[in-house]
Amino acid sequence: MRQEVVLAMLAKEPSPGYQLRVRLDRALGPLGEAINAGQIYVTLGRLEKAGLVTRVREEERESDLADSKVYELTPVGQERVSEWLTEVSWPKPDLAEFHLKLVAAAQAGLCDPVSIIDAQRRELLRRLRDVQHAVMDEPADSDVGLLLEGIVLRFQADLRFLEACERSWARRRKRL
Amino acid sequence: MGRPDGVVRACGLAKAYGRGEALVRAVDDVDLEIFRGEALAVTGPSGCGKSTLLHLLGGLDRPSAGELWLGDRRVDQLSERALAELRRHEVGFVFQAFHLMDELTAQENVELPALLAGHQPRQARRRARYLLDLVGLADRADHLPTALSGGQRQRAAIARALANEPQLLLADEPTGNLDSAATLEVLRLFEALHAGGLTLVVVTHDERIAATADRLISMRDGAFVNETRLAGGTRGRLADLMGLEES
C-alpha cells in the first residue's frame, strides 16, 4: 500500500490511527482485510519523520484512550495528497488505489471525483489512440499486431471501469 | 453566419418524441461545431441519442428545435424536397448493416447515388470504378454483396457514400457488424479518407473506434457530457504507453 493512501485517509480530518483503518475497511470492503493495522502505524511513523503528518498534542484531546494519538496533515502533506489525486496511474493502474483516490477526494471535499475520473479517461483515450494507430500500421497477421491487440483490449477494459466510476460518482454528486 | 472552415454548426439542436409524461428528449439542446477535415467521434450507451444526432446532421430527421447549418446554409427549415436534395449531394451515410442492394453488384451499388442525382451513366460508372479502387475493391466490382466479406461490404458501402462527393461522411456504428480484422480494414480506410481531407463523423459505442478520431464527444440522455481532444496523441514512446518498461 502506498504511503499516499494513508495520507489521503487523513485528509478529511485529524484522526487517530485506528480511524484510518476503519475508513480503509469501509472503502475497500473485503479487499481491506489484507491491510494490517501495524502497517498503518509504521506508515504513519514514516510520514511523520518525513514531515507530511504531525501528531496533535495529547493534552489538546479530550479522549484519554491509549490508542488516541491523533495525526493530522502538515501543509506539505496536504500538497502531497493533492498531487497524488491528479497523478495518472495508467498504464499500470492499481484499481484499489484509484478507488481510494475517489473516496478520499469525496470524503475530504478536496476535489470532485468526477474530475479525477475525467482526467484519467482522457489520458487513457490518448494512449488507446496511439496504440490503435500502431495496430492499424501493422500488416494483417503480424505477431506484433496480436500483442498490440492485447494492449488495446486491456485499455478498453480500463475505460469501461472508468465509465462505471463516472456514472456512479456523477449520480452521487446529483444526490448531494 | 457559417464560418468558412465549419462544415456543421448546430445551435440548441433538439429532437423530442412523444408528449407530456411520455416525452423523450432524444437530443437535448446540443451545440456543436465540426470543422472541415475533422474526424469526430460521438460515443455513449445505447439510447443516449447519438444516432438521432447523426440523423439530424444528415437530414434524415428534422430537429424539434434549434438551428443547423451545413457550410453556410441553414438546413433545419428546409422543405422535404430540399432536404432530399441535401442528403443526395452534401452528406454520405454509412450504416452498421451496410444497406447495400443485394440484387446489384458492388459497382452498380456505388453507381446508384450518382444516377439518382442525375449524372450521366458513363460518368457514374467512371466515378464508381475510381471509388471501388480507392477502397481496395477494384477486383470485386462485379460481385454481388452476398459474395463479399463483411469488411468488403462495408467498404463498398463507404464507396457508395462517397459517390456524390459529399462534404461530410456520417457513419453509424460502421464496425458494429464486423470482426476485428474487418474493423481494422474499415478504420484504415477512414484514416486514409481523413488524411485526404474528408470530414468524418462516426457514432460508436466502441472506444477503440472512437479513439481514432481527432475529437471525441460523449453523450448521455441526449446531451453532451464530455469532450476530449485526441489529435496529437500522447507523443510518448509506445513502449512507455503500454507500460512495457519499468518506471
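A few points about this structure:
- If only residues of region A:117-143 that are more than 18 Å from B:Thr183 (Cβ to Cβ) and open to solvent by 10 Å² or more (accessible area, probe 1.4 Å) are counted, the one that is farthest from the other protein chains (Cβ to nearest Cβ) is A:Asp143.
- For region A:1-25, residues that are farther than 19 Å from A:Lys49 by Cα and assigned to a loop (DSSP other than H, G, I, E, B) total 2.
- Any hit, region B:46-63, residues being part of a strand (DSSP E or B) and open to solvent by 10 Å² or more (accessible area, probe 1.4 Å): no
- Candidate set: region B:196-233, residues that are part of a strand (DSSP E or B) and of a type in the set (Gly, Ala, Ser); chosen: the one nearest to the other protein chains (Cβ to nearest Cβ): B:Ser218
- Test set (1) outside any loop (DSSP other than H, G, I, E, B); (2) at pLDDT below 90; (3) in contact with a helix residue (DSSP H, G or I) (Cβ under 9 Å, 6 or more places away or on another chain); (4) surrounded by fewer than 20 Cβ atoms within 10 Å (Cβ to Cβ) - B:Ala192 fails condition number: (2)
- Residues (closer than 21 Å to B:Leu54 by Cβ and crowded, with 18+ Cβ neighbours inside 10 Å) located in region B:97-121: B:Phe98, B:Leu100, B:Pro113
- Selection count, region B:45-92, where residues are modelled with pLDDT under 90 and under 30 Å from A:Arg122 (Cβ atoms): 3
- Qualifying residue in region A:103-119 (condition: modelled with pLDDT of 90 or more, in contact with a Pro (Cβ under 7 Å, 6 or more places away or on another chain), assigned to a helix (DSSP H, G or I) and not polar (S, T, N, Q)): yes
- Hits in region B:85-96 (condition: surrounded by fewer than 17 Cβ atoms within 10 Å (Cβ to Cβ) and either part of a loop (DSSP other than H, G, I, E, B) or more than 17 Å from the chain's Cα centre (by Cα) (or both)): B:Glu85
- Subset of region B:122-136 (residues that are open to solvent by less than 70 Å² (accessible area, probe 1.4 Å) and either out of contact with any Leu (no Cβ under 8 Å at 6 or more places or on another chain) or touching a residue at least 60 places away in the same chain (Cβ under 8 Å) (or both)): B:Arg127, B:Ala128, B:Leu132
The values are calculated or read from the model by the stated rules, or taken from the named source; none is laboratory data. A quick note: this is a predicted structure, and the numbers were derived from the prediction, not measured. Neighbour counts are summed over all protein chains in view; Cβ atoms, including those assigned to glycine, are modelled from backbone coordinates with ideal geometry. We work out accessible area using only protein heavy atoms, side chains counted, and drop any ligands, DNA or RNA first. Shrake-Rupley method; radii C 1.70, N 1.55, O 1.52, S 1.80 Å.
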